[in-house]
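The structure appears below as structure tokens.
The values are calculated or read from the model by the stated rules, or taken from the named source; none is laboratory data. The model shown is predicted, which means the values in this text are computed figures rather than measured ones. Neighbour counts are summed over all protein chains in view; Cβ atoms, including those assigned to glycine, are modelled from backbone coordinates with ideal geometry. We work out accessible area using only protein heavy atoms, side chains counted, and drop any ligands, DNA or RNA first. Shrake-Rupley method; radii C 1.70, N 1.55, O 1.52, S 1.80 Å.
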Amino acid sequence: MRRLGWVASALAVFALAGFACGESGFDLTGPPMNIRVTRNGRTLPISEVPNLESGDRLWLRPDLPAKQDAHYLLVAVFLRGATNPPPEKWFAHAETWNRQVRDEGIYVTVPPDAQQALFFLAPETGGDFGTLRSNVRAKPGAFVRASQDLNQASLDRSRLDAYIRAVTRISAKDPGSLKDASKVLARTLNIKVDSDCFQKPETQQLSCLTQEQNAQVLDDGHTESMVATLTSGASADLIGQLSASPLGGAGMYSPYVGAVVDVVRIMNSFRTAQYQYIPALIRARDDRLELKLNNPPSFMNPKSVITVGLPTVGAPQLPPLRALDSKQVYCAGNSPLVLAVGGAPLVFSTSLAHNFVLHIPAEKGKFIDLPARAEADRGGFVVNAPAEEIASMDPEATGILRGYWGFDAFDGPSFQLQRSRSEHWEVPESDKGALIVGREDTLHLQAPESACVDKVSLEEKPGKILPATYKAVKPGVLEVTVPMQKAAPGKMTLLVSQTGLSAPDRVPVQAYAQAAHLVGFTIHAGDANGVLVGTRLDQVLKMDFRGEAFVPAGLKHGGDQDQLTLTSVPAAGALKAAQSGVAKVLLDDGREMDLSVTVQAPRPVVKLLSKNVDAGQAAVSSPIHLANQEELPQDGMLTFVLQSAAAWPRSQKIEVATEDGSFRALLSVKDGSLTLQDANTVLARLNPLKSFGPSAFGPLLFRPIDATGTEGDWQPLGNLVRIPALKDVHCPANPQKQCVLNGSNLFLLDSVAATSGFSSAVTVPVGFAGSSLDVPRPNGALLYIKLRDDPSAVNTVALPVFPE
């Protein structure tokens, strides 16, 4: 991860390197230069040159005012690697105060075998050229590294600058789109944005996003390949140590810090009584090279020598542009046409890649070249094509993105293109009955080509158009959602409009009115609620059966059927078992439907007569006294007595469960957990630890279930709690200090206090896993505790207290 947090990280690193720097990073403007590069008779501005080659002719002209008081000596040098000093003839110099140099510039040629290029701007002192030349020849590796790191930092900085310019422009134009646009920019420029910025008010988002410490420039393999760096030896060790230090960002800035630290360290190593070297980052605009300094130049001893890296000398590293979705089909007539591209952030942040066109096959074997431009906030390349040129392309074609990387032409990714033409749309057989009035419905449209669709609507009748929404689920298939809530049944027409076509394609469809389908109504004798099963039960307004009125109380959709709970108004519950008749179901459109209903047998009902808790071994031996008699220790045995009004059916079971339903147990006569006391009464036994395991706690409920699976109502049974093992308390002699409670499973405690009112209580935090806990000094041997499983109850605990 490369983080250009210049204010926070670079300055800290400079301090570590022992280098005096300004207070605001590389934000000081240095003397500009004009540079052009000529290769094989073709000349490009420096902003469009990613690499130099042997034989390239460079034109350099210092862009200094005529009345520049400080005289700079311009020194250009070519290097040939870290271990091979450059010959003296690879150095060129010019006096920038010379009028001819200032007006006409100078020319230098990249010599054979050169690998790096630098230039210096040094104050005139006499002997300065020889001193610089000697320094470079004495330590060529240091200047190789400086050249590479300066290039790396400048290229990375260009991505952050492009991001800041874009979000500033977008915020001024449309602040509401800033969040979505920032995501696109982050992907295109390979920058990680602080998502917390979008939690702030809209008016504060821009300032948050444009603070450089809130944007992280991620590693870009293309930039790395353009600027090969030294990765071994003492310098690499120093970088690792600095970037891993807290002042250097503790590893967060490590990849970026390496480049900056190295440059500063190298520059600092050359400091003499006469000279100090200061690095400059570059920002290229056409042939103008703007220099950004981190330290104001000094014209007193030691004088500042501005050091600038030029593009690496070597073969071009073409940008690895790629289509984000190679299967996506684009409509060539879209204005603008945006081709989603990624993989090469420098294409969007610099002018190194230029003169792009979308190369498209046309009729009669010809080709169309449409100008394309990279726009980071659009997430790719933008193409604006005249309609007459689009009309001449093949109906389906593959376009290739072509451009120049410096002097070198290259082909980028290819894209599937279509142009608009009238299509024959079909509705799949499975969707022909999908349009049902009274609700929002979805159907699918199929055609050989669908990329150019830009609008779909529904013509209910001539002059009445309903808006529809659509999305392409795959090439040639649209999913269309139509609001049919207020539509009437009958024949209708879907209108499919395409980019550039004056008339929409017309697709005939049929809308239907679907009445509710009633499967059955289940209600048990004595109940006020029943369940209606069927489809489209959202149409049910009410139901009348045997003098009782039922109204909807909750609709559930499950599979291909609906379940509608109906409750009697008022809640009578007067229906008897086996009563039958025809219920009248009224729909919301006024239609009435008949449904045969038979009242089912009553749901099972039992009564809790008594219960007894046989505390388990842990609870018996525990010094904790449970104050709430409803609490059941987890390793205890719960015995409870149930009674039914009629004889207890031998097949009837009792279900016991925690309140949230995550733990359940079934008790039955067959497995011995239910024992008949008499014909109507049973004794139930429950071992919670055995039935539920060690993680169950909280309120327990029970209900009867008869042989048919009919369930009775839930009833409360008790509160299941887990008990910690408390050992003793150790207290210091100072009465103002807290004591220490020792034991195991202390996380089962909610809080501990010395008084029943829980003043100055100690709360056990979530996640506590220790075996000792600081607690208030006991009142004699007595402490008060609340269990995590039931913090509403105050329990007492008597423990031996020992001095520390």
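Side notes on the structure shown:
- V347 vs. criteria in contact with a Gly (Cβ under 9 Å, 6 or more places away or on another chain) and either of a type in the set (F, W, Y) or assigned to a strand (DSSP E or B) (or both): no
- Selection from segment 174-206 of residues that are modelled with pLDDT under 85, open to solvent by 40 Å² or more (accessible area, probe 1.4 Å) and part of a helix (DSSP H, G or I): P175, G176, K179, D180, S195, D196, Q199, E202, T203, Q204, L206
- Checking each residue in segment 765-787 for being over 23 Å from P803 (Cα atoms) and assigned to a loop (DSSP other than H, G, I, E, B) picks out P765, V766, G767, F768, A769.
- If only residues of segment 452-465 that are open to solvent by less than 30 Å² (accessible area, probe 1.4 Å) and more than 14 Å from T499 (Cβ to Cβ) are counted, the one that is farthest from the chain's Cα centre (by Cα) is E460.
- Extreme residue, most open to solvent (accessible area, probe 1.4 Å), among residues of segment 38-47 that are in contact (Cβ under 8 Å) with a residue 24 or more places away in the chain and on the phi < 0 side of the Ramachandran plot: R42
- Conditions (1) open to solvent by 30 Å² or more (accessible area, probe 1.4 Å); (2) over 21 Å from Y275 (Cβ atoms); (3) at pLDDT 90 or above: number failed by A114: (1)
- Inclusion of L321 among residues that are closer than 30 Å to S450 by Cβ, surrounded by 22 or more Cβ atoms within 10 Å (Cβ to Cβ) and touching a helix residue (DSSP H, G or I) at 6+ places or on another chain (Cβ under 7 Å) is warranted.
- Residues in segment 81-95 that are over 14 Å from D128 (Cα atoms) and either touching a residue at least 40 places away in the same chain (Cβ under 8 Å) or open to solvent by less than 60 Å² (accessible area, probe 1.4 Å) (or both): G81, A82, T83, N84, P85, P86, P87, E88, W90.
- Residue that is farthest from L717 (Cα to Cα) [pool: residues in segment 654-668 that are part of a strand (DSSP E or B) and in contact with a Lys or Arg (Cβ under 6 Å, 6 or more places away or on another chain)]: L666
- Residue selected from segment 435-446 under the condition assigned to a strand (DSSP E or B) and either modelled with pLDDT of 90 or more or touching a helix residue (DSSP H, G or I) at 6+ places or on another chain (Cβ under 9 Å) (or both), by the criterion farthest from D505 (Cα to Cα): T442
- The set of residues from segment 48-71 being open to solvent by 10 Å² or more (accessible area, probe 1.4 Å), in contact (Cβ under 8 Å) with a residue 12 or more places away in the chain and within 25 Å of W97 (Cα to Cα) comprises R57, W59, R61, D63, L64, A66, Q68, A70, H71.
- Only one of S610, S651 that is at pLDDT 90 or above, loosely packed, with under 13 Cβ neighbours inside 10 Å, part of a strand (DSSP E or B) and among the polar types (S, T, N, Q): S610
- Taking the conditions (1) open to solvent by less than 80 Å² (accessible area, probe 1.4 Å); (2) closer than 30 Å to G534 by Cα in turn, S644 satisfies each one other than (2).
- Scope segment 125-172; condition aliphatic (A, V, I, L, M) and open to solvent by 40 Å² or more (accessible area, probe 1.4 Å); matching residues: A138, A172
- Residue in segment 528-536 that is charged (D, E, K, R), surrounded by 14 or more Cβ atoms within 10 Å (Cβ to Cβ) and within 30 Å of A627 (Cβ to Cβ) present: no
- In this structure, D369 does satisfy being modelled with pLDDT of 90 or more and either open to solvent by 20 Å² or more (accessible area, probe 1.4 Å) or basic (K, R) (or both).
- Among the residues of segment 778-794, the one identified as farther than 13 Å from G698 by Cα, surrounded by fewer than 18 Cβ atoms within 10 Å (Cβ to Cβ) and within 47 Å of the chain's Cα centre (by Cα) is V794.
- Residue list for segment 613-630, filter: modelled with pLDDT of 85 or more and open to solvent by 60 Å² or more (accessible area, probe 1.4 Å): H625
- Subset of segment 666-720 that is of a type in the set (S, T, N, Q) and surrounded by 18 or more Cβ atoms within 10 Å (Cβ to Cβ) - its residue that is farthest from the chain's Cα centre (by Cα): S673
- Subset of segment 537-563 (residues that are open to solvent by less than 20 Å² (accessible area, probe 1.4 Å) and in contact with an Asp or Glu (Cβ under 8 Å, 6 or more places away or on another chain)): L537, Q539, V540, F550, D562
- Looking only at segment 332-356, residues that are in contact with a strand residue (DSSP E or B) (Cβ under 6 Å, 6 or more places away or on another chain) and surrounded by 20 or more Cβ atoms within 10 Å (Cβ to Cβ) come to 8 in all.
- Entirely in segment 669-723, the strands (runs of 3 or more DSSP E) that have 1 or more residues that are in contact (Cβ under 8 Å) with a residue 60 or more places away in the chain and under 23 Å from P791 (Cα atoms): 698-705, 715-721
- Candidate set from segment 566-582 (those that are open to solvent by 50 Å² or more (accessible area, probe 1.4 Å) and assigned to a strand (DSSP E or B)); member that is farthest from I523 (Cα to Cα): V582
- Here segment 583-600 is the region considered, the condition is being out of contact with any helix residue (DSSP H, G or I) (no Cβ under 9 Å at 6 or more places or on another chain) and either of a type in the set (D, E, K, R) or open to solvent by 60 Å² or more (accessible area, probe 1.4 Å) (or both), and the residue that is farthest from Q539 (Cα to Cα) is Q600.
- Flag for D394 being in contact with an Asp or Glu (Cβ under 9 Å, 6 or more places away or on another chain), acidic (D, E) and modelled with pLDDT under 95: yes
- Here the condition is being of a type outside the set (V, I, T), open to solvent by 30 Å² or more (accessible area, probe 1.4 Å) and within 44 Å of the chain's Cα centre (by Cα); of A761, A733, it holds for A761 alone.
- Given (1) over 16 Å from G433 (Cα atoms); (2) within 35 Å of the chain's Cα centre (by Cα); (3) not in a loop (DSSP other than H, G, I, E, B), index of the condition E449 fails: (3)
- Among the residues of segment 481-514, those identified as among the small types (G, A, S), buried (at least 17 other Cβ atoms within 10 Å of the Cβ) and part of a loop (DSSP other than H, G, I, E, B) are A487, G500.
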